[in-house]
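> Got a structure for you, written out below as structure tokens; questions coming shortly.
The values are calculated or read from the model by the stated rules, or taken from the named source; none is laboratory data. Keep in mind the model is a prediction, meaning the values are calculated, not measured. Positions of Cβ are backbone-derived with ideal geometry, glycine not excepted, and every protein chain shown enters the neighbour counts. The protein model used for the area step is the full one, side chains on, heavy atoms only, and it has no ligands, DNA or RNA in it. Shrake-Rupley method; radii C 1.70, N 1.55, O 1.52, S 1.80 Å.
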Amino acid sequence: MALLSILCYPDERLHTVAKPVAVVDDRIRRQIDDMFETMYEAKGVGLAATQVDFHERLIVMDVSEERNEPIVLINPEIEWASTEPFEWEEGCLSVPGVYDRVQRAERVRVRALDRDGQPFTLEAEGLMAVCIQHEMDHLMGKVFVEYLSLLKRTRIRAKMVKARRERERDGEH
Ligand code: GNR
Ligand code: NI
């Protein structure tokens with residue numbers, strides 16, 4: 001297992017559109033294991049492959065309190081989403097320190113492959129539903145700050161560029 005480094009907004013690579021996973025093999029399972037290790041270490045509830053510069057449709061999640069309910073979604077597709085508007089305060093490991101409200105579906109049904117390549121469907125609501133939609137956006141090259149106003153995004157971008165400069169000046173890459 002290995003810790004992977006997480007791309008930070010405004011890195012252009014976060015806007016890459018991921019390709020479907022062609023075969024669920026040991027290469028993919030190794031990537032899944034590394035993504036779980038990275039997600040748990042970073043204390044995130046989810047991680048999309050895009051965030052670790054791997055551009056295939058792969059998501060890991062764990063929204064449980066105890067951090068012992070890992071879920072893998074390979075080639076996920078939303079089969080159904082509820083339509084009533086629903087807001088949640090979101091954060092993102094690729095935009096550290098930024099939290100803001102985003103409107104999403106409150107409930108979704110998603111179809112995906114598991115780590116053995118077997119298809120399954122998952123019904124989710126609340127944080128898990130929000131997380132699935134947030135991660136599927138990453139796979140499409142979209143970061144949650146793109147839902148915010150241009151003014152907020154401009155401020156966030158400036159804050160992230162400044163934080164990067166400070167990290168580089170302190171010699172921590
Ligand atoms: O850790 C995370 N928490 C979170 C909180 C509210 C809505 C979405 C998320 S996902 C985020 C981890 C992350 O950046 N995944 O891409
Ligand atoms: Ni994110």
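Here's the yes/no breakdown for (1) open to solvent by 80 Å² or more (accessible area, probe 1.4 Å); (2) within 13 Å of ligand 1 (Cβ to nearest atom); (3) over 23 Å from V45 (Cα atoms); (4) not β-branched (V, I, T):
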{"residue": "D100", "(1), (2), (3), (4)": "no, yes, no, yes"}
{"residue": "G117", "(1), (2), (3), (4)": "no, no, no, yes"}
{"residue": "E123", "(1), (2), (3), (4)": "yes, no, no, yes"}
{"residue": "V130", "(1), (2), (3), (4)": "no, yes, no, no"}
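> Considering E66, E37, which residue is more than 15 Å from ligand 1 (Cβ to nearest atom) and either open to solvent by 60 Å² or more (accessible area, probe 1.4 Å) or at pLDDT 95 or above (or both)? First the steps, then the outcome.
On the way: E37 fails: more than 15 Å from ligand 1 (Cβ to nearest atom).
Being more than 15 Å from ligand 1 (Cβ to nearest atom) and either open to solvent by 60 Å² or more (accessible area, probe 1.4 Å) or at pLDDT 95 or above (or both) holds for just one of E66, E37, which is E66.
> Something else about it: Name the residues in segment 42-63 that are within 23 Å of V102 (Cβ to Cβ), open to solvent by 20 Å² or more (accessible area, probe 1.4 Å) and either within 8 Å of ligand 1 (Cβ to nearest atom) or part of a strand (DSSP E or B) (or both), would you?
Result: A42, K43, V45.
> Can you give me the number of residues within segment 76-93 that are farther than 17 Å from M61 by Cα and either open to solvent by less than 70 Å² (accessible area, probe 1.4 Å) or assigned to a helix (DSSP H, G or I) (or both)?
Qualifying residue count, segment 76-93: 3.
> In addition: Quick check on R104: is it open to solvent by 70 Å² or more (accessible area, probe 1.4 Å) and not in a loop (DSSP other than H, G, I, E, B)? Outline the logic, then answer.
On the way: open to solvent by 70 Å² or more (accessible area, probe 1.4 Å): no; not in a loop (DSSP other than H, G, I, E, B): yes.
The answer is no for R104.
> Checking H134 against (1) open to solvent by 30 Å² or more (accessible area, probe 1.4 Å); (2) in a helix (DSSP H, G or I); (3) at pLDDT 95 or above, which test does it fail?
Result: H134 passes all but (1).
> Turning to a different aspect of this structure: Between residues in segment 20-45 that are among the aromatic types (F, W, Y) and residues that are more than 11 Å from ligand 1 (Cβ to nearest atom) and open to solvent by 60 Å² or more (accessible area, probe 1.4 Å), which pairs lie under 9 Å by C-beta distance while being six or more apart or on different chains?
Close Cβ pairs (under 9 Å, with a partner that is more than 11 Å from ligand 1 (Cβ to nearest atom) and open to solvent by 60 Å² or more (accessible area, probe 1.4 Å)) amount to F36/M1; F36/P70; Y40/R67; Y40/P70.
> Related question: Of the residues P96, P10, P20, which single one is at pLDDT 95 or above, surrounded by fewer than 20 Cβ atoms within 10 Å (Cβ to Cβ) and either more than 16 Å from ligand 2 (Cβ to nearest atom) or hydroxyl-bearing (S, T, Y) (or both)? Outline the logic, then answer.
Values: P96 fails: either more than 16 Å from ligand 2 (Cβ to nearest atom) or hydroxyl-bearing (S, T, Y) (or both); P10 fails: either more than 16 Å from ligand 2 (Cβ to nearest atom) or hydroxyl-bearing (S, T, Y) (or both).
Unique residue meeting the criteria: P20.
> Restricting to segment 143-160, name every residue that is more than 20 Å from the chain's Cα centre (by Cα) and either modelled with pLDDT under 95 or surrounded by 13 or more Cβ atoms within 10 Å (Cβ to Cβ) (or both). Write out each step before concluding.
The first filter runs over segment 143-160 and keeps only residues more than 20 Å from the chain's Cα centre (by Cα), leaving 149-152, 154-155, 158-159.
Across segment 143-160, the qualifying residues are K152, R155, K159.
> Could you tell me which of the residues R104, R109, R115 is within 14 Å of ligand 2 (Cβ to nearest atom), of a type in the set (K, R) and touching a residue at least 12 places away in the same chain (Cβ under 8 Å)?
R104
> Moving on. Regarding V63, is this residue farther than 20 Å from I6 by Cα and within 16 Å of ligand 2 (Cβ to nearest atom)?
On the way: farther than 20 Å from I6 by Cα: no; within 16 Å of ligand 2 (Cβ to nearest atom): yes.
The answer is no for V63.
> A follow-up question, please. Quick one: is R167 basic (K, R), at pLDDT below 95 and over 17 Å from Y99 (Cβ atoms)? I'd like the intermediate steps shown before the answer.
Working: basic (K, R): yes; at pLDDT below 95: yes; over 17 Å from Y99 (Cβ atoms): yes.
It is true that R167 is basic (K, R), at pLDDT below 95 and over 17 Å from Y99 (Cβ atoms).
> Residue check: is S94 more than 17 Å from the chain's Cα centre (by Cα) and among the polar types (S, T, N, Q)? Full working, then the answer.
Numbers: more than 17 Å from the chain's Cα centre (by Cα): no; among the polar types (S, T, N, Q): yes.
When the stated conditions are applied, S94 does not pass them.
> So is E168 in a helix (DSSP H, G or I), at negative phi and of a type outside the set (A, V, I, L, M, F, W, C) or not? If you could, list the steps in order and put the result at the bottom.
On the way: in a helix (DSSP H, G or I): yes; at negative phi: yes; of a type outside the set (A, V, I, L, M, F, W, C): yes.
Yes: the conditions hold for E168.
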